[in-house]
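Here is the structure we will look at.
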Amino acid sequence: MSKAKLDTVFQTVEEAGEKAFVPYIMAGDGGLENLNGRIRFLAESGATAIELGIPFSDPVADGPTIQAAGIRALEAGTTVQAVLDEVAKEKDNRSVPLVIMTYLNPIFAYGVEAFASACETAGISGLILPDLPLEEEGLVVKSLKKHDIALIRLVALTSTPERIRALAERSEGFLYAVTVAGTTGERASFVDQIGTHLQALKAISKAPVLAGFGVSTPEHVKELSQYCDGVVVGSRIVDALYRGDKQQVADLIASRKY
Amino acid sequence: MEAYPTETGHYGDFGGRFVPETLMPAILELEKAFKEAKEDEGFQEEMRYYLKQYVGRETPLYYAERLTKHLGGPRIYLKREDLNHTGAHKINNTIGQALLTQRMGKKKVVAETGAGQHGVATATVSALLGLECIIFMGKEDVRRQALNVYRMELLGAQVVSVDQGNGTLKDAVNEAMRYWTANVEDTHYIFGTAAGPHPFPQLVRDFQRIIGDETRKQIIEAEGKLPEAVIACVGGGSNAIGMFYPFVEDRDVKMYGIEAGGKGLLSGMHAASLTEGKAGILHGSLSYLLQNEDGQVQEPHSISAGLDYPGVGPEHSYLKDAGRVTYDAITDEEALEAVRLLSRTEGIIPALESAHAVAYCKKLAPKMNKDDVLVVCLSGRGDKDVNTIREAHETGGELHE
């Protein structure tokens, strides 16, 4: 059921002729007690699915905004267990699927099998691990499959054609197309060939293709969504929530419909 | 023992390449270039040339007669990596990786540095080979090692102070990896130790094994036999793996890897990942790691900036679990005492890192016989540490006559 929940929402979006919008928030930033409230707010604002960051002390794939959010969350005492316990509380009346994004070590320390099982219990649909390339997937795939959690793969601008094919072939949940060479965080613009790149991915990917990293304005959302199935927006959402600017978040999510 | 690493860069349960997809193509490209270079006589010839004419190899294996007498145990030899150009073993690796950079057609390099030794060694070879060089260094280390910062700048490198996290070596590695991710098309990352994602642990070991290869030949010339024991300090573990690797199959040679015990293992303020950590993933590799129960990496502590790292190379984790190498820790205070001991007995001021190995000599010597031979890897010289040593002496009063 967990993984299917993701497939269902993407299908619904596609049938409505719309594009997906997946906001990222850092669990524990702004207080773990406010996590479910934020999830509800994002769902009500029209989020297709929500990417939930679990903080790690050494987030090498993240830029300054998410790094800072992670530090705040860790300072507030956020742990893997506390995040899972918190989201489990409202799992039965939540329609929006949740996807966890974190690094391998917190999961490894928790125990991969125990983590996958706890995710299933908490109603988590997918997992994104930016420091787990194809070559090392063996460490988690069995447990995730057993507990019906989608392993959401990232494909990069630097990925070779063979790697792109392998990633597209194995994709589940969605294929996360990294749109910049670098870390997460806001960018002014994207490389010229981004459109062709995304279209090529979409042509061969089993799962929907979502563009992410550096997506921060309604214009970006519109620009990138036309080539694929939607976008993931992280740093801008994290920053707006930190500043208490919910309206900006709602406006960004609304920009997926055009 | 099994052949290691495997094709996929694993050392038993350890190693691997846990990096973002953006970096994977560069990691694979590096692996290919490295394999080809190993087979290329031209590359090997170039390496030999620079190591001899520029670095000053081979380094002596010096019989420390007065230290031997003082400790009253085995005959002690020092492998003098401190006599290399730039003052430590680091350049064995940077010269190799800089030549690989050229081979891959890249013109820029990025590196992390703690105290600045790897940064200086990288800036040095960059100047030598005309590579553009950017060094990430924690804000705290920039403050503590102002002279090394200037040294790197003098050599033409750009030094970037890292504010993220606690502003130490771990954060400098994070930031160097982020920079590499954003500039991977034209930049090579000269990783400074035998850790990180495959092929770095293997590549750094192979560039550093010259330490052990020379030692093996030199000790046979001097003593007509292999040593009973070998000691090296371990931070990330590059000088140690370079010394140990050529002796791994010689079962009668006991090997000791010495980590930074900081203010004592019980204090929690140390950098002893093998002695006190548990398996985890940091900076691209699965290895012993200092971390809390929730998998968050802990800040290490050591008076020696070069050992002040929460992780360690995966091959050391493998050798530990295989029981081939004994890992132990030496405290800040013991290391400081060893600095004085070696300075006074032999007229050699060791780097604080290497002083950990020297200090362990004091512990091991009483357990050995007089006709035994003990080799200590003196990985670097202490010039860079004189201020730290003086401060510790003046404030702590922990140095004894």
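The values are calculated or read from the model by the stated rules, or taken from the named source; none is laboratory data. Because the structure is a prediction, the values reported are computed rather than measured. Note: ideal-geometry Cβ built from the backbone for every residue, glycine included; neighbour counts use all protein chains shown.
Evaluate the following for A:Glu169: is it surrounded by fewer than 24 Cβ atoms within 10 Å (Cβ to Cβ) and more than 13 Å from chain B (Cβ to nearest Cβ)? So A:Glu169 fits the description; yes. Taken over segment B:326-360, residues that are surrounded by fewer than 24 Cβ atoms within 10 Å (Cβ to Cβ), β-branched (Val, Ile, Thr) and in contact (Cβ under 8 Å) with a residue 40 or more places away in the chain amount to 4.
Counting only helices (runs of 4 or more DSSP H) that sit wholly inside segment B:1-85, those with at least 3 residues that are within 14 Å of another protein chain (Cβ to nearest Cβ) are B:24-39.
If I ask for residues that are of a type in the set (S, T, N, Q), more than 7 Å from chain A (Cβ to nearest Cβ) and under 20 Å from B:Asn166 (Cα atoms), which ones from segment B:275-301 would you list? Of everything in segment B:275-301, those that are of a type in the set (S, T, N, Q), more than 7 Å from chain A (Cβ to nearest Cβ) and under 20 Å from B:Asn166 (Cα atoms) turn out to be B:Asn292, B:Gln298.
Residues in segment B:283-300 that are without any contact (Cβ under 8 Å) to a residue 40 or more places away in the chain and part of a loop (DSSP other than H, G, I, E, B) were compared, and the one that is nearest to B:Ala272 (Cα to Cα) is B:Leu290.
Selection of helices (runs of 4 or more DSSP H) fully inside segment A:73-147 by the criterion of at least 3 residues being under 19 Å from A:Tyr176 (Cβ atoms) and more than 9 Å from chain B (Cβ to nearest Cβ) returns A:141-146.
Checking each residue in segment B:181-196 for being buried (at least 24 other Cβ atoms within 10 Å of the Cβ) and more than 8 Å from every other protein chain (Cβ to nearest Cβ) picks out B:His188, B:Tyr189, B:Ile190, B:Phe191, B:Gly192, B:Thr193, B:Ala194, B:Ala195, B:Gly196. Taking residues in segment B:148-168 that are at positive phi, and partners anywhere that are outside any loop (DSSP other than H, G, I, E, B), the pairs with Cβ atoms closer than 6 Å and at least 6 places apart or on different chains are B:Gly156/B:Ala127; B:Gly165/B:Asp171; B:Gly167/B:Gly138; B:Gly167/B:Lys139; B:Gly167/B:Glu140.
Kindly indicate whether any position in segment B:314-333 is farther than 17 Å from B:Ala232 by Cα, among the acidic types (Asp, Glu) and touching a helix residue (DSSP H, G or I) at 6+ places or on another chain (Cβ under 8 Å). Yes: one or more hits. When segment A:67-79 is filtered for residues that are in contact (Cβ under 8 Å) with a residue 24 or more places away in the chain, surrounded by fewer than 23 Cβ atoms within 10 Å (Cβ to Cβ) and within 10 Å of A:Phe56 (Cα to Cα), only A:Leu74 remains.
Which of the residues belonging to segment B:94-122 are part of a helix (DSSP H, G or I) and small (Gly, Ala, Ser)? Break it down stepwise before answering.
From segment B:94-122, those part of a helix (DSSP H, G or I) are B:94-103, B:117-122; that's our starting set.
Listed by number, the residues that qualify are B:Gly96, B:Ala98, B:Gly119, B:Ala121.
crowded, with 22+ Cβ neighbours inside 10 Å and closer than 30 Å to A:Tyr103 by Cβ, is that true of B:Gly268? Answer is no for this residue.
Residue check: B:Asp213 meets all listed conditions (1) in contact with a helix residue (DSSP H, G or I) (Cβ under 7 Å, 6 or more places away or on another chain); (2) at negative phi; (3) away from chain A (no Cβ under 12 Å); (4) touching a residue at least 60 places away in the same chain (Cβ under 8 Å) but one, namely (4).
Among the residues of segment B:364-394, those identified as over 22 Å from the mean Cα position of the chain (by Cα), modelled with pLDDT of 95 or more and among the charged types (D, E, K, R) are B:Lys367, B:Lys370, B:Asp371, B:Asp372.
For (1) assigned to a helix (DSSP H, G or I); (2) of a type in the set (Asp, Glu), each residue gets a yes or a no:
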{"position": "B:Ser317", "(1), (2)": "yes, no"}
{"position": "B:Thr326", "(1), (2)": "no, no"}
{"position": "B:Glu334", "(1), (2)": "yes, yes"}
{"position": "B:Val339", "(1), (2)": "yes, no"}
{"position": "B:Thr345", "(1), (2)": "yes, no"}
{"position": "B:Ile348", "(1), (2)": "no, no"}
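Among the residues making up segment B:310-325, those that are out of contact with any Gly (no Cβ under 7 Å at 6 or more places or on another chain) and more than 15 Å from B:Thr193 (Cβ to Cβ) are B:Leu319, B:Lys320, B:Ala322, B:Gly323, B:Arg324. So which residues in segment A:53-64 are surrounded by 21 or more Cβ atoms within 10 Å (Cβ to Cβ) and either more than 13 Å from chain B (Cβ to nearest Cβ) or under 19 Å from A:Val215 (Cβ atoms) (or both), if there are any at all? A:Gly53, A:Pro59, A:Ala61, A:Asp62, A:Gly63 - these are the residues of segment A:53-64 that are surrounded by 21 or more Cβ atoms within 10 Å (Cβ to Cβ) and either more than 13 Å from chain B (Cβ to nearest Cβ) or under 19 Å from A:Val215 (Cβ atoms) (or both).
Table: residues versus (1) of a type outside the set (A, V, I, L, M); (2) assigned to a loop (DSSP other than H, G, I, E, B).
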position	(1), (2)
A:Gly173	yes, yes
A:Arg187	yes, yes
A:Asp192	yes, yes
A:Leu198	no, no
A:Leu201	no, no
A:Leu224	no, no
A:Asp251	yes, no
